[in-house]
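Report on the structure given below.
The values are calculated or read from the model by the stated rules, or taken from the named source; none is laboratory data. Only a predicted model underlies this, so the values are computations on that prediction, with no experimental measurement involved. No Cβ is skipped: glycine too gets one built from the backbone with ideal geometry, and neighbour counts run over all protein chains shown. Protein only, heavy atoms only, side chains kept; ligands, DNA and RNA dropped before computing areas. Shrake-Rupley method; radii C 1.70, N 1.55, O 1.52, S 1.80 Å.
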Amino acid sequence: MDTTALDDAYQRLLAAAGAIGDTALPAADARADIDGTLSHIALSDRMLAATAREVSAGRPATVDNREAMDETAIDSLIASTTHTQRVDLVRRNAADLGAVIRAMPDQAAAAPVALRLVGRDGRPVPEQRLPWGDLVRLRATTHIPGHAERIRSLTSAR
């Protein structure tokens, strides 16, 4: 499958996040938001790469974002890493996700994926099914660009 749009979205995200150093800190509340966002993305990408492997193997696949939305998991990742390490973790997890997707045949885009999602408030969203390719497209055109824009806006508000 083609990952050009996804790769571009991650490059913009990583450029925005990488422009922030461990010592050049934005305001504390902005920094906390950036830390949480990067941790959420790193956890999400790890989960999505596992889902991609299931799709690639032709097995039923489910996206369950609970860990990536879990405040305890996010706080633990923040506490155990520096900003630079979180950016590197996002870079590595995105590279892994991209590599798995690139190795998939184009017809994998039509594979149905069950979505078991929780919102920012921790409440479950009604379960849905979505073709894998649509999920990848949404990640490339909406999810990652939205996070990149949020990071840029938080750092420009210094």
With R₀ set to 25 angstrom, the calculated FRET efficiency between the beta-carbons of Glu127 and Thr72, to the nearest 0.05, is 0.60
Per-selection metrics, region 3-156 (Cα): Rg and Dmax in Å: 15.4, 46
With 0.36 nm assigned to each residue of separation and the Cα-Cα distance removed, Ala79 to Asp64 gains 3.0 nm
Mind checking the full-extension length gain between Ala99 and Leu115? Use 0.36 nm per residue of separation minus the Cα-Cα distance, one decimal, nm. 3.6 nm
Would you mind working out the accessible area per residue for the chain, using a 1.4 Å probe, and quoting it in Å²? 52 Å²
Taking a spot 7 Å from the Cα of Ala5 along the direction of its beta carbon, which residues of region 85-127 have an amide N less than 14 Å from it? 109-110
State the percentage of accessible surface on the chain attributable to carbon and sulfur atoms; use a 1.4 Å probe and exclude ligands, DNA and RNA. 54 percent
